[in-house]
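Derivation of every value follows stated rules applied to the coordinates shown; laboratory data play no part. This is a predicted model, so every value here is computed, not measured. Because the Cβ atoms are built from the backbone with ideal geometry, glycine has one as well, and the counts that use them run over all protein chains shown.
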Ligand SMILES: Nc1ncnc2c1ncn2[C@@H]1O[C@H](COP(=O)(O)OP(=O)(O)OP(=O)(O)O)[C@@H](O)[C@H]1O
Ligand SMILES: [Mg+2]
């Protein structure tokens with residue numbers, strides 16, 4: 001990545017974050033969602049059969065990374081939504097005529113969705129620590145970095161989808177909803193696939209998210225040693241590359 | 001500054017081809033102030049969007065600010081500014097934030113962007129709105145902000161797509177003061193589109209009339225009006241017989257014209273009505289004919305459009 005892309009990403013990110021920073025209330029609001037998750041899943045989790053075996057210590061150790069991936073997934077996959085609005089008013093076109101690097105426009109928007117996730121993650125961790133969750137700061141840091149990388153890929157794909165869906169909002173919503181839940185369930189994010197039928201496990205094996213989720217679990221357990229982290233990192237970076245290539249191509253093709 | 005050859009753009013809509021722009025050739029030199037005048041759907045925005053790299057031409061070439069729009073779009077973007085027809089400012093952003101962001105997008109430092117932003121807030125009467133969220137602005141206020149945003153980086157070449165649409169007369173005057181100053185102080189080349197006939201007529205030096213994707217006239221407003229429409233001289237006389245005599249007098253005059261007699265009224269279409277009218281009156285007096293009233297109406301660009309297309313621009317505005 002050139003310096004220009006880094007600098008431009010900062011400009012795009014700052015612009016995208018500013019409305020939220022100007023309105024602290026909206027930030028506080030974004031913390032409610034993880035609280036709801038914890039509050040509703042927690043009681044179920046504490047005596048769910050089958051979960052005792054996964055990971056050592058409390059089920060939270062297994063569950064929290066999954067929640068974080070899911071939060072990242074749902075926010076970045078909706079990042080195209082804002083674009084849909086901006087494309088209709090003309091502000092997207094205005095940004096397109098500036099010399100901003102196209103990749104920076106994709107990365108900056110995706111990171112804007114990831115930034116609140118950092119705060120959400122800290123809150124969740126702080127809340128589950130009294131219940132036996134063990135916090136490995138370095139693992140968590142690398143984990144969040146991987147999640148941001150995955151988010152760049154997903155955000156860029158969402159952006160591309162929004163460009164293609166211009167004037168056809170149903171396409172954006174339809175495609176996002178149709179893809180999101182199967183991907184989510186078939187990655188073992190919230191429920192382990194080990195208990196599922198063979199075909200589900202097979203699909204899970206080819207779902208790149210599975211590897212990211214497993215990588216995150218290893219990282220949040222402070223376990224850098226196994227292959228899970230390596231595979232997770234590879235899957236996340238592959239998603240980022242694919243997202244950026246598809247995203248920049250789509251932007252270019254939109255002018256054709 | 002701008003060199004266009006055979007610029008064409010088609011759209012496919014539901015299996016049909018819309019020929020939005022059909023083979024436009026034109027050149028704009030550095031420092032010129034030109035206006036694209038044409039009815040809705042004429043192809044003004046499509047042309048501008050091709051010149052600003054937002055759309056690829058179906059065929060033809062365009063060099064903008066020294067760069068080919070297809071070969072080096074990134075460099076074109078660096079050298080130009082474009083104020084689109086839509087709302088450039090993001091609805092969730094604050095007014096001043098958007099101005100500062102724009103400066104940053106063009107590589108200005110944070111401090112420099114702030115100085116420019118504050119200057120534009122003051123000169124476009126936006127200061128009281130600086131902290132407002134864009135979605136709370138009125139249409140005209142938003143348009144002023146769009147214009148301010150487009151001016152932050154002081155491009156050498158600026159495209160404006162209907163900049164004055166929705167502005168009240170005072171703000172329109174304000175906008176023009178700004179555009180003219182920009183040009184005087186920085187030598188900016190300005191290419192704008194407009195519906196307002198008066199604006200194209202009085203403010204710009206060169207008017208290009210576009211209709212159905214084709215350039216149908218190009219020149220100063222003066223030239224277009226003189227060549228394509230002409231002044232209308234109307235003289236009334238006491239009796240119908242005198243009017244017929246007056247027509248003969250008119251035919252003997254040298255300046256080329258069309259003559260029409262209706263009752264006691266005679267009408268002449270001439271290129272220079274201001275010269276023809278006194279001459280005509282003297283000739284009538286010499287022939288012993290007494291003119292009762294004399295009137296001279298200069299043509300408008302609407303007359304030009306009417307002469308070229310048989311349609312009035314004012315009417316077609318609302319039809320299409
Ligand atoms: N993205 C598009 N897809 C399909 N058709 C389009 C598209 N953009 C423009 N057109 C068509 O191309 C023609 C020219 O449109 P354009 O926007 O250039 O007109 P204009 O001169 O700017 O009009 P106005 O004064 O209304 O802004 C119109 O018939 C329009 O419907
Ligand atoms: Mg237009």
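Segment A:222-256 and segment B:36-69 have Cα centres lying 35 Å from one another. Take every DSSP beta bridge whose two residues both sit in segment B:231-298; close to 100 percent of them are antiparallel. The angle between the Cα long axis of helix B:110-123 and the main principal axis of chain B comes to about 30°, on a 0 to 90 degree scale. Between segment B:280-310 and segment B:227-274, what's the alpha-carbon centroid distance in Å? Distance between centres, Cα-based: 6 Å. Between segment B:168-226 and segment A:139-192, how many Å separate their Cα centres? Centre-to-centre distance over Cα atoms comes out at 47 Å.
Based on C-alpha pairs under 8 angstrom that are at least 6 apart in sequence, segment B:231-298 has a relative contact order of 48 percent. Could you identify which residue out of B:44, B:225, B:14 has the top mean-square fluctuation in a GNM of chain B using Cα springs shorter than 10 Å? Comparing B:44, B:225, B:14 in a Gaussian network model of chain B, the most mobile one is B:14. Shown for B:204, B:52, A:178: other C-beta atoms within 10 Å of each C-beta, ranked fewest to most, produce the order A:178, B:204, B:52. Residues considered: A:222, A:108, A:243. Largest GNM mean-square fluctuation over chain A, using C-alpha springs under 10 Å, is found at A:222. If both residues of a DSSP beta bridge must be in segment B:2-225, then about 55% of such bridges are antiparallel. So what is the calculated 222 nm ellipticity per residue for chain A, using -39500 (n - 2.57) for each DSSP H run with n of 4 or more, over all residues, to the nearest 500 deg cm²/dmol? Per the formula, -26500 deg cm²/dmol. Dividing the summed helix terms, -39500 (n - 2.57) for each DSSP H run of n ≥ 4, by the number of residues in chain B produces a 222 nm estimate of -11500 deg cm²/dmol to the nearest 500.
Summary value for chain A: 26 percent relative contact order, contacts being C-alpha pairs under 8 angstrom separated by 6+ residues. Partner shielding of B:51-58 amounts to 3, given as the average count of beta-carbon atoms from other chains within 10 Å of each residue beta-carbon.
By how many degrees, 0 to 90 and rounded to 10, does the Cα axis of helix B:273-286 deviate from the longest principal axis of chain B? The angle comes out at about 10 degrees.
Most simply put, the protein assembly as shown has about 70% antiparallel DSSP beta bridges, counting only bridges with both residues inside it. Against chain B, whose longest principal axis comes from its Cα atoms, helix B:95-105 is set at around 80 degrees. Taking every C-alpha pair closer than 8 Å and separated by at least 6 residues, the mean separation divided by the residue count of chain B gives a relative contact order of 18 percent. Simple spin-label estimate for residue B:111 and residue B:185 gives 2.0 nm between the two label positions (7 Å along the Cα-to-Cβ direction from each Cα). When B:192, A:190, B:26 are arranged by Cβ crowding within 10 Å, least crowded first, meaning fewest neighbours, the order is A:190, B:26, B:192. For chain A, a Gaussian network of Cα nodes joined below 10 Å ranks A:137, A:43, A:182 by mean-square fluctuation, and the top entry is A:43.
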